[in-house]
Amino acid sequence: MADIFISYSSHDRLQALTLAEKLRASGYDTWIDEHHIRGASRWGKEIVQAINASKLVAVLVSSSSLASENVVKELNLAAEKHKHLLPVMLENAELTEEFSYHFAGLQRVEIENTDLILKALEQLNIKSASISGTDFSPSGRTEVRSTTSKDIRLAILPFDDLSKEHDNEWFADGMLDELITTLGALEHMKVPSRTDVMYYKKHHPKAQEIASDLNVRYLVGGSVRKSGEKIRITASMTDAFTNQQIWTNHYDGNFDDIFELQESISKQITEALKLKLSPEEKKIIAQQPTENAEAYELWLRGIHYNRLISRSGYESALQLFAKAIELDPNFSEVYLAIANTCIAYYREWSRAPKWLIKAEESLNKAEQKIMTTARTLWIRGEIAWQKGDFVSAEILLKEAILLEPSYSVLYNALGNVYLKSGRYIDAVEAFSTALDFENDKANFYNLMIALSSSGNKNRLSEVANNAIPFLQKYVDRNPDEAFWKVTYAFTLLWSNHPIEALQEAEALLSQKDLDGVTLYNLGALFDELGQPDRNVQLFRDSIKMGYRDIDAFKNYSFLSVNDIYIKALEGLIAELEGLIKIENLTP
């Protein structure tokens with residue numbers, strides 16, 4: 001553990017991270033909650049351990065931190081453990097009685113006065129590695145994964161499509177995915193996921209606001225332009241702490257040059273950051289999924305359609321993937337994409353066995369190219385799950401976890417298997433592990449479903465309260481995503497806010513073109529709100545909209561014991577079984 005613990009409010013994250021970097025650069029072993037997600041499962045233990053191990057707690061003082069329950073807890077714990085306290089003033093805020101008591105007689109320093117902060121540490125006999133003459137290898141900790149002073153926090157923002165017809169969004173998104181995948185694979189590079197940054201495709205706040213939101217220092221963005229085979233890629237990198245652009249360039253060529261251009265951009269980013277790459281990391285940057293640029297284009301277009309999460313989108317994606325394979329039969333990523341798309345099509349639109357057969361065939365071809373990996377085991381586990389073979393699915397997913405224990409998607413898949421097979425306690429444990437890796441809205445959702453199914457109302461309420469800020473922020477930013485609006489309404493209900501949950505549900509009913517999955521979940525929400533009659537109607541509407549997850553209906557249990565609703569559900573299941581039988585006979 002580190003000598004210095006930084007306590008701060010989430011509103012002051014950027015200033016806290018800046019201070020942490022300055023202290024580490026000066027040789028001080030510094031601990032900071034870099035994601036600042038407190039109150040999540042098991043996270044309190046990490047905070048207590050870090051404070052216990054520290055010699056000094058630096059408290060960033062602002063109107064936000066004075067009102068922060070977490071900062072008050074950390075201040076009280078530090079005082080109880082007789083730790084040195086260093087008040088670091090972010091603004092001229094009037095201290096509360098509690099803060100005044102703990103800070104009585106203590107030197108206060110301004111956040112901008114780095115020299116005075118370092119002098120205060122020296123006076124308190126807090127030694128830096130450079131002062132003591134020892135080797136310096138400081139470590140900061142995030143919620144589960146460790147972060148060292150060598151780590152670079154960088155976000156790739158969505159690229160703009162500047163093509164004349166604005167019809168090359170697939171190309172812009174492909175650049176985003178490529179840079180996130182490549183740079184995120186480097187040991188000392190921390191890169192937010194695609195989901196984290198897509199909000200900034202349509203919204204463009206100031207660089208410092210984006211950096212604070214994403215918990216990064218550097219921002220990479222740019223644009224693409226394609227006219228026939230001619231392409232231009234423009235990219236730049238900004239240091240959000242100093243608000244200075246530290247690198248920019250543009251690249252011209254034909255689409256056949258795309259791999260060289262992508263490699264050049266990744267290299268120049270690492271060079272601008274003075275990041276020393278290992279031989280393995282140089283191979284990662286130089287690696288390309290195929291040698292055929294046309295097949296690569298078809299694959300990117302297919303991924304674009306796949307993300308529409310619609311029946312026509314999946315069908316268009318499969319057509320493009322098939323053409324890509326014709327051009328390059330060794331393109332393993334396409335086989336994996338076909339397998340995933342077929343599983344999604346089976347799960348959401350058609351229960352015809354042919355889709356799982358095709359998924360398995362494509363997966364077999366992928367494994368002939370890349371052998372068995374955690375990713376291929378995951379997909380095979382998904383196929384077994386959809387077949388209802390929960391035993392095989394569990395075995396496959398556990399094998400995948402052994403190969404890659406930090407791959408959080410595996411724990412979600414395993415949790416779903418447990419959930420479908422009625423092993424709710426095991427599902428809670430699996431989803432809790434996924435949440436420990438990342439405080440993501442989907443991880444919260446899965447865990448809440450498992451806790452609701454297990455009947456653990458106390459913990460459900462606790463997790464729901466922690467999830468509200470994540471989901472509220474997401475639905476505010478993405479008002480058209482109905483599924484997450486339903487999830488947010490469920491979260492409000494489970495956190496003991498039924499009136500607000502009902503208001504959200506009623507508002508959703510006025511939204512047009514709700515998909516089958518959303519209608520099903522909205523029906524279940526009304527059931528929990530004490531309106532099972534509306535549930536029945538929404539379940540019926542979900543089937544009309546193409547929802548085919550018959551297991552969800554078979555496993556559903558109305559909260560009301562009224563025979564009317566039970567018989568209505570049995571009728572819907574019989575109707576759905578008939579539809580599936582007819583559809584399976586259709587070529």
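Can you say whether residue 319 is within 30 Å of residue 543 (Cβ to Cβ), open to solvent by 60 Å² or more (accessible area, probe 1.4 Å) and out of contact with any Asp or Glu (no Cβ under 8 Å at 6 or more places or on another chain), as far as the supplied structure shows? Before the answer, list the steps.
Values: within 30 Å of residue 543 (Cβ to Cβ): yes; open to solvent by 60 Å² or more (accessible area, probe 1.4 Å): yes; out of contact with any Asp or Glu (no Cβ under 8 Å at 6 or more places or on another chain): yes.
It is true that residue 319 is within 30 Å of residue 543 (Cβ to Cβ), open to solvent by 60 Å² or more (accessible area, probe 1.4 Å) and out of contact with any Asp or Glu (no Cβ under 8 Å at 6 or more places or on another chain).
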For this session: Please work out if residue 340 is of a type outside the set (Lys, Arg), open to solvent by 30 Å² or more (accessible area, probe 1.4 Å) and more than 25 Å from the chain's Cα centre (by Cα).
Result: no
Problem set entry | Any chance residue 580 is touching a residue at least 24 places away in the same chain (Cβ under 8 Å), within 20 Å of residue 388 (Cβ to Cβ), open to solvent by less than 80 Å² (accessible area, probe 1.4 Å) and more than 31 Å from the chain's Cα centre (by Cα) | yes
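Conditions tested, residue by residue: (1) of a type in the set (Ser, Thr, Tyr); (2) at pLDDT 90 or above; (3) open to solvent by less than 20 Å² (accessible area, probe 1.4 Å).
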{"site": "425", "(1), (2), (3)": "no, yes, no"}
{"site": "433", "(1), (2), (3)": "yes, yes, no"}
{"site": "444", "(1), (2), (3)": "no, yes, yes"}
{"site": "474", "(1), (2), (3)": "yes, no, no"}
Exercise. Any idea how many residues of region 333-351 are among the hydroxyl-bearing types (Ser, Thr, Tyr), farther than 14 Å from residue 375 by Cα and without any contact (Cβ under 8 Å) to a residue 60 or more places away in the chain?
Worked result: 3
For this session: Out of the residues in region 7-44 that are assigned to a helix (DSSP H, G or I) and under 16 Å from residue 466 (Cα atoms), state the one that is modelled with the highest pLDDT.
Result: 10
Exercise. Could we say that residue 586 is among the β-branched types (Val, Ile, Thr), modelled with pLDDT under 85 and either under 19 Å from residue 343 (Cα atoms) or buried (at least 19 other Cβ atoms within 10 Å of the Cβ) (or both) here?
Worked result: yes
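In the list 391, 417, which residue meets the criterion of being open to solvent by less than 60 Å² (accessible area, probe 1.4 Å) and among the aliphatic types (A, V, I, L, M)?
Result of the check over 391, 417: 417.
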Exercise. Which members of region 555-569 meet the condition of being in a helix (DSSP H, G or I) and either of a type in the set (A, V, I, L, M, F, W, C) or exposed (fewer than 13 other Cβ atoms within 10 Å of the Cβ) (or both)?
Worked result: 563, 564, 566, 567, 568, 569
Problem set entry | residue 134 open to solvent by less than 70 Å² (accessible area, probe 1.4 Å) and either of a type in the set (D, E, K, R) or at pLDDT below 50 (or both) | no
Seminar exercise, completed: A careful count of residues in region 93-113 that are more than 17 Å from residue 56 (Cα to Cα) and surrounded by fewer than 10 Cβ atoms within 10 Å (Cβ to Cβ) gives 2
For this session: Kindly check whether there is at least one residue in region 361-375 that is under 25 Å from the mean Cα position of the chain (by Cα) and of a type in the set (Gly, Ala, Ser).
Result: yes
Problem set entry | residue 217 vs. criteria touching a residue at least 12 places away in the same chain (Cβ under 8 Å), within 13 Å of the chain's Cα centre (by Cα) and open to solvent by 40 Å² or more (accessible area, probe 1.4 Å) | no
Seminar exercise, completed: Residue hits (region 45-71; of a type in the set (A, V, I, L, M), open to solvent by 10 Å² or more (accessible area, probe 1.4 Å) and either at positive phi or outside any helix (DSSP H, G or I) (or both)) are 67
For this session: Residues being at pLDDT below 90 and either among the hydroxyl-bearing types (Ser, Thr, Tyr) or touching a Cys at 6+ places or on another chain (Cβ under 6 Å) (or both): count how many of those fall in region 228-260.
Result: 1
Seminar exercise, completed: Of the residues in region 151-169 that are of a type in the set (A, V, I, L, M) and at pLDDT 90 or above, the one that is surrounded by the fewest Cβ atoms within 10 Å (Cβ to Cβ) is 162
For this session: Have a look at 415, 381 and point out the one that is among the small types (Gly, Ala, Ser), under 21 Å from residue 453 (Cα atoms) and in a helix (DSSP H, G or I).
Result: 415
For this session: Any residue in region 245-271 that's on the phi < 0 side of the Ramachandran plot and acidic (Asp, Glu): show its pairings with residues that are open to solvent by 50 Å² or more (accessible area, probe 1.4 Å) and part of a helix (DSSP H, G or I) at Cβ separation under 9 Å, as long as the two are six or more apart or on different chains.
Result: 256/294
Problem set entry | Residue within region 525-539 that is open to solvent by less than 60 Å² (accessible area, probe 1.4 Å) and under 30 Å from residue 205 (Cβ atoms) present | no
Exercise. Scanning region 344-370 for residues that are among the charged types (D, E, K, R) and open to solvent by less than 50 Å² (accessible area, probe 1.4 Å), which turns out modelled with the highest pLDDT?
Worked result: 367
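Given the condition assigned to a helix (DSSP H, G or I) and farther than 16 Å from residue 151 by Cα, answer yes or no: does some residue in region 185-195 qualify?
The answer is yes; a qualifying residue exists.
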Exercise. Assuming residue 373 fulfils every condition listed in (1) among the hydroxyl-bearing types (Ser, Thr, Tyr); (2) buried (at least 18 other Cβ atoms within 10 Å of the Cβ); (3) out of contact with any Ser or Thr (no Cβ under 7 Å at 6 or more places or on another chain) apart from one, which condition is it?
Worked result: (2)
Exercise. Hey, residue 519 hits all of (1) at pLDDT 90 or above; (2) under 25 Å from residue 567 (Cα atoms); (3) more than 26 Å from the chain's Cα centre (by Cα) but one; which does it fall short on?
Worked result: (3)
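The values are calculated or read from the model by the stated rules, or taken from the named source; none is laboratory data. As the structure is a computational prediction, the values presented were derived from the model and not from experiment. We place every Cβ from the backbone using ideal geometry, glycine too, and count neighbours over all the protein chains shown. Surface accessibility is based on the protein's heavy atoms, side chains included, excluding ligands, DNA and RNA. Shrake-Rupley method; radii C 1.70, N 1.55, O 1.52, S 1.80 Å.
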